[in-house]
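Quick notes on the structure that follows.
The values are calculated or read from the model by the stated rules, or taken from the named source; none is laboratory data. What you are looking at is a predicted structure, and each value in this text was computed from that prediction instead of being measured. When we count neighbours, we look across all protein chains shown, and the Cβ atoms used for this are built from the backbone with ideal geometry, even at glycine. What goes into the accessible areas is simple: the full protein's heavy atoms, side chains included, and nothing from ligands, DNA or RNA. Shrake-Rupley method; radii C 1.70, N 1.55, O 1.52, S 1.80 Å.
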Amino acid sequence: MTTTSTSTPTVLSTIAATRELVRAARAEGRRVALVPTMGALHEGHLALVARGRELADLVVVSIFVNPLQFGPNEDFERYPRTLDADLAALAGRADAVFAPSVAEMYPAGASQTTVHAGAVGERYEGAARPGHFDGMLTVVSKLFNIVQPDVALFGQKDAQQAFLVKQMVADLNLPLAIEAVPIVREADGLALSSRNRYLSQGERVLALTLSAALGDAEEESVRGVPAARAAGLARFDQQPDVRLDYLVIVDPATFLPLEDDATGDGLMLVAARVGATRLIDNAPIHF
Ligand code: AMP
């Protein structure tokens, strides 16, 4: 298969067709990259695709809004589905798009066998969204088994997700590499997210509280972990219309909270609700 700079990707809706395309590429000695997404693509997703292009010869993007990783009161039904625009955005960037139906992925209606994310999966996003990470790791495992990529790309935007995928790959000896790609932000600091399109104009301004809190914390990092945390929290105190869910500084190697007297690398994670929209962000902080 050849790809020109404007060609639209091959769209595959079945597991069998996807396996066949990858098998043919492998027979030609091509390296395969997988970029798992839920669609509603933006520049953050495209950065993963571009990195995949650097690392592999065949870039497969999956677009699947996975019911298993949404809670009963979450936005599964209204999550944006924009396949035509996504395919246009991927023209000349990705070789193939795997966009299965829910029935193709879960023919029995649900998955009896699931992957459990373990203790870190119960914290932060996992505490706010019970079952989310088990559902995410289950579908990611399925995608890995369907596409069998040499490398899969994940965004640092979902830092806990990237950590848990790497943990799963190590724990289960999965034969692929995982690459985490830095967060792509708007010029004013807002991390790109498919959910940003839910925000009204006023909420879009309030949403900057998350990245501003990360910046304030970073500025205080020379004074230690408690000072950095306090600086981040102060931003939310000033902005009661933004409802903080959690703000925590973790050790990026373990994802456990950093001790107050810690030095070295930290990662600040923040989640908050702006109106009905739940947003997350994170940034490294060195102590
Ligand atoms: P999603 O479609 O939200 O499931 O995201 C698919 C992938 O894109 C995940 O690995 C995300 O971490 C990544 N991603 C989403 N937003 C960004 C961003 N602003 N910068 C970098 N990666 C991102």
**OP:** For the range 38-50, state whether one or more residues are open to solvent by 10 Å² or more (accessible area, probe 1.4 Å), more than 28 Å from Ala187 (Cα to Cα) and part of a loop (DSSP other than H, G, I, E, B).
**Re:** no
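Quick one: in the range 176-205, which of the residues that are away from the ligand (no atom under 14 Å from the Cβ), open to solvent by 40 Å² or more (accessible area, probe 1.4 Å) and in contact (Cβ under 8 Å) with a residue 24 or more places away in the chain is nearest to Ser141 (Cα to Cα)?
Step one: of the range 176-205, the residues away from the ligand (no atom under 14 Å from the Cβ) are 176-177, 199-205.
Next, only the ones that are open to solvent by 40 Å² or more (accessible area, probe 1.4 Å) stay: 177, 200-205.
Filter once more, keeping what is in contact (Cβ under 8 Å) with a residue 24 or more places away in the chain: 177, 200, 203.
Numbers: Ala177: 13, Ser200: 35, Glu203: 35 Å.
Only one residue tops the list, namely Ala177.
May I ask you to list the residues in the range 134-175 that are within 11 Å of the ligand (Cβ to nearest atom) and in a strand (DSSP E or B)? Break it down stepwise before answering.
Here is the first cut: in the range 134-175, the ones within 11 Å of the ligand (Cβ to nearest atom) are 136, 139-140, 152-162, 165.
Answer for the range 134-175, where residues must be within 11 Å of the ligand (Cβ to nearest atom) and in a strand (DSSP E or B): Ala152, Leu153, Phe154, Gly155.
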**OP:** Identify the single condition in (1) open to solvent by less than 10 Å² (accessible area, probe 1.4 Å); (2) over 30 Å from Phe255 (Cβ atoms) that Arg93 does not satisfy, given that it satisfies every other one.
**Re:** (1)
Original post:
Has the range 185-197 got any residue that is charged (D, E, K, R) and closer than 18 Å to Val250 by Cβ?
Top reply: no
**OP:** Residue by residue through the range 108-127, note down the ones that are touching a helix residue (DSSP H, G or I) at 6+ places or on another chain (Cβ under 7 Å) and over 30 Å from Pro257 (Cβ atoms).
**Re:** Ser111
**OP:** Spot the failing condition for Asp75; the list is (1) within 13 Å of the ligand (Cβ to nearest atom); (2) in a helix (DSSP H, G or I); (3) not small (Gly, Ala, Ser), and only one is missed.
**Re:** (2)
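Every residue, every condition in (1) open to solvent by less than 70 Å² (accessible area, probe 1.4 Å); (2) under 19 Å from the mean Cα position of the chain (by Cα); (3) closer than 17 Å to Leu192 by Cα, yes or no:
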{"site": "Leu256", "(1), (2), (3)": "no, no, no"}
{"site": "Gly264", "(1), (2), (3)": "yes, no, no"}
{"site": "Leu267", "(1), (2), (3)": "yes, yes, no"}
{"site": "Phe287", "(1), (2), (3)": "yes, no, no"}
**OP:** Output the number of the condition that Glu77 fails; it satisfies all remaining conditions of (1) buried (at least 18 other Cβ atoms within 10 Å of the Cβ); (2) without any contact (Cβ under 8 Å) to a residue 60 or more places away in the chain.
**Re:** (1)
Original post:
Do we find a residue being out of contact with any Ser or Thr (no Cβ under 9 Å at 6 or more places or on another chain), open to solvent by less than 70 Å² (accessible area, probe 1.4 Å), within 21 Å of Ala191 (Cα to Cα) and among the basic types (Lys, Arg) anywhere in the range 233-248?
Top reply: no
**OP:** Looking only at the range 216-232, count how many residues are open to solvent by 30 Å² or more (accessible area, probe 1.4 Å) and either within 16 Å of the ligand (Cβ to nearest atom) or part of a helix (DSSP H, G or I) (or both).
**Re:** 8
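Among Ala119, Ala99, which is the only one that is within 15 Å of the ligand (Cβ to nearest atom) and modelled with pLDDT of 95 or more? Talk me through it step by step, then tell me what you get.
Values: Ala119 fails: within 15 Å of the ligand (Cβ to nearest atom).
The conditions single out Ala99.
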Original post:
Of these, Ala170, Ala88, Ala108, Ala99, which one is in contact (Cβ under 8 Å) with a residue 60 or more places away in the chain, over 18 Å from the mean Cα position of the chain (by Cα) and over 30 Å from Ala212 (Cα atoms)?
Top reply: Ala88
Original post:
Do any residues in the range 37-65 that are more than 9 Å from the ligand (Cβ to nearest atom) have Cβ atoms under 9 Å from those of residues that are modelled with pLDDT under 95 and among the hydrophobic types (A, V, I, L, M, F, W, C), where the two are at least six apart or on different chains, and which pairs are they?
Top reply: Leu58/Met1
